[in-house]
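A quick write-up on the structure given underneath.
The values are calculated or read from the model by the stated rules, or taken from the named source; none is laboratory data. These numbers come from a predicted model, not from an experiment. Cβ placement follows ideal geometry from the backbone for every residue including glycine, while neighbour counts extend to all protein chains displayed.
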């Protein structure tokens, strides 16, 4: 079982790393497109309505990527969270303590900084949640490209931290962005969740059962007034992660193999393409470092994440509450904490949800620009630190190899 879990973790990391690279290409494409002479065509594309008349779903292409495709991403996140909680790193309380504590510190500190810096500005009653999430795909891609010489425990720590981090972000989305709830539709969604759990319990494997349940659950939450991406998380958490004696793989493993490449290689990059198109003119750059909204996001992400993750981790280790991952030093932990400041996918989603009704839409664009600029800064700083730490680890490895055996 342990070797199988490690194999799945390796596969997950590899897929997310490739997906992270595609995500960066998609985001860069959106930025170049919207700031080119053909920028108007970008907005024409994103604002094109693709309606499903019988269901009264008059959503733009951008909304479909945000509400629809990200539900698939959150489903994979739910599957991974369930696996980590049951048979993975988070199943062992001793090993789970540090990434859980670090994740909570990495959520609370950015939220506090953003709230204090942006207090009183329009949209900050919910906008403080923008810098709380770490982007799994982006952060793992940077770690894979620049931290190959860092011990493997770094990847496990970063993944576990990001999974818990995303869970908290999901809860915040459910709480902050749900106003009026339709009880009837909520009951319909609950019935779908119950049907999914029952089918899992009865060991039913036919997609004829699961696909309609997933689609109806998504639609029911949409109509209930709850962000429909939460359907993905709920269904992921209800999926079995332990195989029976007659099964080669658990249902969660089979679904991850099938869906994760689609999520990492298509769904998240498409969301990035539709969400990252921010005009970066002189006015926006001027506001980035003067407007309190953007400063709240920048300081919340870059300082809040780094201080929150590293500070609470250091304190937990010093107090004996948690153990530092094998072969990692405090400087390694600091470099990983900087990567935690990469808040892309979920941060962009929260920015759109929190600031959609603020002003003429310029607040959303400014918030997105702040997330993009800060995420790129965190990736560059984190990469430099990881490269330096990689040289240190390589030197230590070579020194040990030259020592004569006793």
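Kindly indicate the residue of the range 233-256 that is exposed (fewer than 14 other Cβ atoms within 10 Å of the Cβ) and in contact (Cβ under 8 Å) with a residue 24 or more places away in the chain and also farthest from residue 167 (Cα to Cα) among those meeting that condition. For the range 233-256, the residue satisfying everything is 244. Counting only residues that are outside any loop (DSSP other than H, G, I, E, B) and touching a helix residue (DSSP H, G or I) at 6+ places or on another chain (Cβ under 7 Å), the range 295-342 holds 31 of them. Checking every residue in the range 395-402 against the condition of being touching a helix residue (DSSP H, G or I) at 6+ places or on another chain (Cβ under 8 Å) and outside any loop (DSSP other than H, G, I, E, B) gives zero matches. Of all the listed residues (116, 168), the sole one being within 20 Å of residue 368 (Cα to Cα) and at pLDDT 85 or above is 116. On inspection, residue 264 does not qualify as outside the structural domain of residue 26 (by TED's automatic domain parsing) and either assigned to a helix (DSSP H, G or I) or free of Cβ contacts under 8 Å to residues at least 24 places away in the same chain (or both).
Would you call residue 44 over 19 Å from the mean Cα position of the chain (by Cα), assigned by TED's automatic domain parsing to the domain that holds residue 130 and within 14 Å of residue 271 (Cβ to Cβ)?
When the stated conditions are applied, residue 44 does not pass them.
Scanning the range 111-128 for residues that are assigned to a loop (DSSP other than H, G, I, E, B) and surrounded by fewer than 24 Cβ atoms within 10 Å (Cβ to Cβ) returns 119, 120, 121, 122, 123.
Within the range 155-167, does at least one residue satisfy the condition of being assigned to a helix (DSSP H, G or I), over 16 Å from residue 105 (Cα atoms), touching a residue at least 24 places away in the same chain (Cβ under 8 Å) and in contact with a helix residue (DSSP H, G or I) (Cβ under 8 Å, 6 or more places away or on another chain)? Yes - at least one qualifying residue is present in the range 155-167. Filtering the range 356-380 to residues that are modelled with pLDDT of 90 or more and more than 16 Å from the chain's Cα centre (by Cα) leaves 366, 367, 369, 370, 373, 377, 380. Return yes or no: is residue 64 more than 30 Å from residue 249 (Cβ to Cβ), at pLDDT 85 or above and surrounded by fewer than 20 Cβ atoms within 10 Å (Cβ to Cβ)? Yes: the conditions hold for residue 64.
Conditions tested, residue by residue: (1) crowded, with 24+ Cβ neighbours inside 10 Å; (2) at pLDDT below 90; (3) over 22 Å from residue 120 (Cα atoms); (4) within 20 Å of the chain's Cα centre (by Cα).
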{"position": "261", "(1), (2), (3), (4)": "no, yes, yes, yes"}
{"position": "272", "(1), (2), (3), (4)": "yes, yes, yes, yes"}
{"position": "280", "(1), (2), (3), (4)": "no, yes, yes, no"}
{"position": "289", "(1), (2), (3), (4)": "no, yes, no, no"}
{"position": "308", "(1), (2), (3), (4)": "yes, no, yes, yes"}
{"position": "316", "(1), (2), (3), (4)": "no, no, yes, no"}
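If you filter the range 129-154 down to residues that are within 23 Å of residue 298 (Cα to Cα) and in a loop (DSSP other than H, G, I, E, B), you find that the one that is nearest to the chain's Cα centre (by Cα) is 135. Taking the options 175, 164, 181, 168, name whichever one is surrounded by fewer than 23 Cβ atoms within 10 Å (Cβ to Cβ) and under 19 Å from residue 89 (Cα atoms). Checking each option against the conditions leaves just 168. Is the range 213-220 home to any residue that is surrounded by fewer than 17 Cβ atoms within 10 Å (Cβ to Cβ), over 30 Å from residue 366 (Cα atoms) and modelled with pLDDT of 90 or more? Yes, the range 213-220 has at least one match.
Here's the yes/no breakdown for (1) within 23 Å of residue 225 (Cβ to Cβ); (2) at pLDDT below 80; (3) touching a strand residue (DSSP E or B) at 6+ places or on another chain (Cβ under 7 Å); (4) in a helix (DSSP H, G or I):
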site: 4; (1), (2), (3), (4): no, yes, no, yes
site: 15; (1), (2), (3), (4): no, yes, no, yes
site: 19; (1), (2), (3), (4): no, yes, no, yes
site: 24; (1), (2), (3), (4): no, no, no, yes
site: 42; (1), (2), (3), (4): no, no, no, yes
site: 69; (1), (2), (3), (4): yes, no, no, yes
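If you take the residues of the range 343-383 that are out of contact with any helix residue (DSSP H, G or I) (no Cβ under 8 Å at 6 or more places or on another chain) and in a helix (DSSP H, G or I), which of them is nearest to residue 170 (Cα to Cα)?
Among them, the one singled out is 376.
If the condition is being surrounded by 16 or more Cβ atoms within 10 Å (Cβ to Cβ) and under 30 Å from residue 294 (Cα atoms), then the range 377-406 contributes 377, 378, 379, 381, 382, 383, 385, 386, 387. For the range 44-55, a residue qualifies if it is assigned to a helix (DSSP H, G or I) and modelled with pLDDT under 90, and the qualifying residues are 53, 54, 55. Of the residues making up the range 188-212, those that are under 22 Å from residue 167 (Cβ atoms) and in contact (Cβ under 8 Å) with a residue 12 or more places away in the chain are 189, 192, 193, 196, 197, 200.
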